[in-house]
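Read-outs: derived from the displayed coordinates by stated rules, not from any lab. These numbers were taken from a predicted model, which means no experiment stands behind them. We place every Cβ from the backbone using ideal geometry, glycine too, and count neighbours over all the protein chains shown.
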Amino acid sequence: MKVTGFTFIKNAIKFDYPIKEAILSILPLCDEIIVAVGDCNDGTRELVAAIHPTKVKIIDTIWDATKTTGGIVLADETNKAFKAISTDSDWCFYIQGDEVLNEDGIDNIRAAMLKYKDDKNIDGLLFKYLHFYGSYDYVGTSNNWYSNEIRIIKNDKNIYSYKDAQGFRKGSNEKLRVKPVNAFIHHYGWVKEPEMMQQKIYGTAKLWGGDDIDDVKNKNQIFTTAFDYSTISALEKFTKKHPLLMQERIEKLNWKFDYDVTYNNYTLKEKFKNFLFKITGKRFFEYQNYKII
């Protein structure tokens, strides 16, 4: 069984993305990893190239300036990396630059890949998610955070990255058929020093609104100097363990974020959804970009 990882990145140093940790976290399961490195001059390419001398393979890309609406440039970059994977790979392990696989799931992932490698009814594997916010001590609990997403897919070139690269589809907009795997992806996209987070928010906003974002004045946080983490709807304390690869970053945390976990500003609809989750353990009405088999 051959497994190839793939990802994309740009301005990892400028915006403090844990891309090194992301790639290293899936490396034990991959024979090689394809990284589409976008046009930037902050040292991102050198950082990626130094991760592993043989397993990490870089393709240099230029982000399409005409695709800065709806985040579709992110899917475009994902597809560039996916298309560069050779035909002899069985599985393709996708990881984003602000995601890190928890090593506790490695054995379960390997077992699932072996079990379903030749099952033509299965397109991919579905992972559990934890979304960290403000600091490494809190995770989002509202229904706005997706609780599962596809991160391993068959090496089928009919599959493609969907919309803003959160998930995948195949053929004519068909959802992938997946099997859940007991493994967690830790998403750290909302854990940054507040001033750096603000810079990232502005840069990311332009990927959804294009240059039109510069025409919006003083309507939201995009134009402030530091991101205000206190506006989140609800969080809970994280009491388990982070991936070992994240320990150095966690120890270097240089800002303070405290949150009253008893507080929330849920809408009535969100309160009803959370009530159902507490009594059933299932998230009803959650958007699912996949079909669980």
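Things to note:
- The distance between label points at K117 and H52 comes to 1.7 nm (points 7 Å beyond Cα on the Cα→Cβ vector).
- For the chain, averaging the sequence separation of C-alpha pairs within contact (under 8 Å, six or more residues apart) and dividing by the residue count gives a relative contact order of 21 percent.
- With K and R counted +1 and D and E -1, the other residues having a Cβ less than 12 Å from that of R151 yield a net charge of -1.
- Here the Karplus relation 6.51 cos²θ - 1.76 cosθ + 1.60, evaluated at θ = phi - 60°, turns the backbone of region 82-88 into coupling constants of 5, 5, 7, 6, 5, 6, 7 Hz, with x for every Gly and Pro.
- Stretchable slack from S172 to T204, in nm (0.36 nm times residue separation minus alpha-carbon distance): 8.7 nm
- For W190, the residues whose modelled amide H falls within less than 5 Å of its own, excluding neighbours fewer than 5 places apart on the same chain, are F132.
- Of all DSSP bridge pairs formed entirely within the chain, close to 45 percent run antiparallel.
- A simple spin-label model places the labels of V261 and K67 4.0 nm from each other, with each point 7 Å out along Cα-to-Cβ.
- Summed residue charge, Cβ within 12 Å of L27's Cβ, Lys/Arg positive, Asp/Glu negative: -2
- Value of [θ]222 nm, deg cm²/dmol, for the chain, DSSP H segments ≥ 4, -39500 (n - 2.57) each, nearest 500: -7000 deg cm²/dmol
- Per-pair calculated FRET efficiency, R0 = 30 Å: E193 and D156 via Cβ, rounded to 0.05: 0.15
- The chain gives an Rg/Rh value of 0.95, both radii derived from C-alpha positions and Rh following Kirkwood.
- Cross-link reach is defined here as a Cα-Cα straight distance under 17 Å, omitting same-chain residues fewer than 8 places apart; for K2 the aspartates and glutamates meeting it are D31, E32, D88, D90, D107, D118, D119, D123, D156.
- Working note: Karplus 6.51/-1.76/1.60 with θ = phi - 60° gives region 146-151 the couplings 6, 8, 8, 7, 6, 10 Hz, where Gly and Pro are set to x.
- For D137, neighbours were defined as the other residues whose beta-carbon sits under 12 Å from its Cβ, and their charges (Lys and Arg +1, Asp and Glu -1) total +1.
- The order of the peptides 67-73, 82-88, 230-236 by mean Cβ neighbours within 10 Å, most packed first, is 67-73, 230-236, 82-88.
- Whole-Å distance, taken between Cα centres, linking region 32-62 and region 227-257: 27
- Proximity of backbone amide H atoms, modeled 1.01 Å from N, is registered between K2 and D90, W91 at under 5 Å, excluding neighbours fewer than 5 places apart on the same chain.
- All aspartates and glutamates inside 18 Å of K237 as judged from Cα atoms, apart from same-chain residues fewer than 8 positions distant: D137, E251, D258, D260
- Distance between modelled label sites at T231 and K83, nm, 7 Å Cα→Cβ extension: 3.7
- 18 Å Cα-Cα threshold exceeded, pairs from K55/K128; K57/K192; K80/K157: K55/K128; K57/K192
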